[in-house]
1. Got at least one residue in the stretch 171-191 being without any contact (Cβ under 8 Å) to a residue 60 or more places away in the chain, open to solvent by less than 70 Å² (accessible area, probe 1.4 Å), hydrophobic (A, V, I, L, M, F, W, C) and within 20 Å of residue 106 (Cβ to Cβ)?
2. Which members of the stretch 199-241 meet the condition of being hydrophobic (A, V, I, L, M, F, W, C) and within 28 Å of the chain's Cα centre (by Cα)?
3. Within the stretch 431-484, track down each residue that is acidic (Asp, Glu), open to solvent by 70 Å² or more (accessible area, probe 1.4 Å) and within 40 Å of the chain's Cα centre (by Cα).
4. So, in the stretch 397-430, how many residues would count as being open to solvent by less than 20 Å² (accessible area, probe 1.4 Å) and either closer than 27 Å to residue 232 by Cα or of a type outside the set (A, V, I, L, M, F, W, C) (or both)?
5. Quick check on residue 117: is it farther than 19 Å from residue 75 by Cα, buried (at least 19 other Cβ atoms within 10 Å of the Cβ) and of a type in the set (A, V, I, L, M)?
6. Within the set of pairs 6+ apart or on separate chains, which have a first residue in the stretch 150-163 that is open to solvent by less than 60 Å² (accessible area, probe 1.4 Å), a second that is part of a helix (DSSP H, G or I), and C-beta atoms under 6 Å apart?
7. Anything in the stretch 249-289 that is open to solvent by 40 Å² or more (accessible area, probe 1.4 Å), over 23 Å from the mean Cα position of the chain (by Cα) and closer than 30 Å to residue 427 by Cβ? List them, or say none.
8. Out of the residues in the stretch 193-224 meeting the condition of being in contact (Cβ under 8 Å) with a residue 60 or more places away in the chain, assigned to a strand (DSSP E or B) and in contact with a Pro (Cβ under 8 Å, 6 or more places away or on another chain), tell me which one is nearest to residue 66 (Cα to Cα).
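The values are calculated or read from the model by the stated rules, or taken from the named source; none is laboratory data. Treat the numbers as computed from the prediction; the structure is a model and nothing was measured. Heads up, the Cβs are rebuilt from the backbone with ideal geometry, glycines too, and the neighbour counts pull from every protein chain shown. When the accessible area is computed, the model is the full protein with side chains, heavy atoms only, and any ligands, DNA or RNA have been set aside. Shrake-Rupley method; radii C 1.70, N 1.55, O 1.52, S 1.80 Å.
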Amino acid sequence: MAARVLNVNVGVLGHIDSGKTALARALSTTGSTAAFDRAPQSRARGITLDLGFSCLRTALPPQLGPGPGELQLTLVDCPGHASLIRTIIGGAQIIDLMMLVIDVTKGMQTQSAECLVIGQIACQKMVVVLNKIDLLPEGKRQSAIEKMTKKMQKTLENTKFSGCPIVAVAAKPGGPEAPESENPLGISELIEVLKSQAYLPSRDPSGHFLMAVDHCFSIKGQGTVMTGTILSGSVSLGDNVEIPALKVTKKVKSMQMFHTPVTYAMQGDRVGVCVTQFDPKLLERGLICTPDSLHTIHAAIISLKKIQYFRGALQTKAKFHITVGHETVMGRVMFFSPAPDNFNEEIQENVFDFEKDYLYQEEYLSKDSVSSEENKENDQAGEVQLPKQQWALLEFEKPVTCPKLCLVIGSKLDTDIHANTCRLAFHGVLLQGMEDKNYTETFLPKLKVYKQKHKEGQVERVMDDYSVIGRSLFKKETNIQIFVGLKVKLSTGEDGIIDGGFGQSGKFKIRIPDGLKPDTKMLLTAASKKKSKGGKGDMTKEDESSKNDSAQPVTISLIFKRYVFDTQKKMIQS
């Protein structure tokens, strides 16, 4: 019986030039030289560690169960920054442990903060590595390390990684040019910390097979090999797998894990899958899956949360880089929330209810977004009301292929990389994809997102006890006919119904079914008399005060809602 090998995927993240690759190299050579005996094809093609995977093997630590066995830490080194976001999000479901690499001479930098954000979304455990300690003068080294450790503890205080281990190392003393004979510092301590942090990740072999391929090559007489990490489900010898990007299905001829032939692999495993020949250049990276299990979508509804470090509002109609599955595309957003009465309602997770009404929002609602005026008013009344859940409609510039219920991240990757600002704006879960190209006609009308409309006008004069003439509610060119029958309210309390237009200038007639109150009638009669008498002679004090009483015009309020995707643009009143 072969000793079991437990695979734990460790993401190596950090600001550019913090020494991630050197660290991965130091770890894997210290831990296992076997990691570099890669397939000769990969060496011939010059694929080094930069592609992101190397591993270190060590004895199974006691917390992972009795008996012989090995712990394999697969190091996922995340290169270059834009691809970092894609790589990590693509592999987010399978990174079990994250190493945040910090240049000890610089501390937290912009991208370290972004990596921390991604870690909080995608990862359960973290180890902070303070690298390049060889650059600190020996006499002051210890105190500088302690100072940076305290600083990092403070930074992590309000994150889920509060209290995580912090280890100081020099992965490549003397920098990239130094001779290989220079021994790295602190690496064996780091390996012990990684072992202590390793845990049995929850793995689920059920559900559709989905694998993130990071490298593809052909072997003469065998076929084409795709290596990668299984994101969900499992795969067996003889299974059919689909390569959605190429729209082809292939049969699994053989499989290898850690250079050992296997007949089965499941979620979280690193595996090489050999299928019948196709041109490896067509698929350097991407997804393979159970046939027909991924959908290609043009738009999606997601539930989302704003990332707290993102500065500025998230506005409807804005464009973001949207990362879904393994792809990043440009997309436009429209935010919406529950209707105001349902702000506090518990929302069922990962399900979208098309039966409910939703309120259109000009921007994602957060403490700092609700306009300051409203805030001032609400502050006296206590906390600003924010909904428990918000959603967005994403419309992609080109279709994306992804699993259902996958993680979505919105970012502004075009922001200057040197600006000290977080470029990740929001994260969420894809609840409903729209596969039909004509989704605006076939699908969106089912989405009941409405805008609340509020118009105000004034009563011009009384016609009789049961009707008045109004003005200033409509423009001259408005077709008043479409508003006939809508309910309005007068500022004096009466309910009315719009009866029709009156003359050519946008005035209209309102029927008051219960009749005008005597006070209202007096007020309006006085106001119209005053108008006709307007400005004769000097006023006495009494006249002045009575003028002020009637100076307040009687206003007319018309409130209705209109569904954003209703092709007939109907106006609806509750």
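1. Within the stretch 171-191, the first condition is being without any contact (Cβ under 8 Å) to a residue 60 or more places away in the chain, and the residues that meet it are 173-175, 177-183, 185-186, 189.
If we keep only those that are open to solvent by less than 70 Å² (accessible area, probe 1.4 Å) too, we end up with 173-175, 178, 185-186.
Checking which are hydrophobic (A, V, I, L, M, F, W, C) leaves us with 178, 185.
Right, trim to within 20 Å of residue 106 (Cβ to Cβ) and you get 178, 185.
There is at least one residue in the stretch 171-191 that is without any contact (Cβ under 8 Å) to a residue 60 or more places away in the chain, open to solvent by less than 70 Å² (accessible area, probe 1.4 Å), hydrophobic (A, V, I, L, M, F, W, C) and within 20 Å of residue 106 (Cβ to Cβ).
2. 200, 209, 210, 211, 212, 213, 230, 231
3. Scanning the stretch 431-484 gives 435, 441, 456.
4. Just the residues of the stretch 397-430 that are open to solvent by less than 20 Å² (accessible area, probe 1.4 Å), to begin with: 400, 402, 406, 408-411, 422-426, 428, 430.
The next check asks that each one be either closer than 27 Å to residue 232 by Cα or of a type outside the set (A, V, I, L, M, F, W, C) (or both); those that pass are 400, 402, 406, 408-411, 423-426, 428, 430.
Within the stretch 397-430, residues that are open to solvent by less than 20 Å² (accessible area, probe 1.4 Å) and either closer than 27 Å to residue 232 by Cα or of a type outside the set (A, V, I, L, M, F, W, C) (or both) number 13.
5. yes
6. So the pair list comes out as 159/120.
7. Matches in the stretch 249-289: 266, 284.
8. 210
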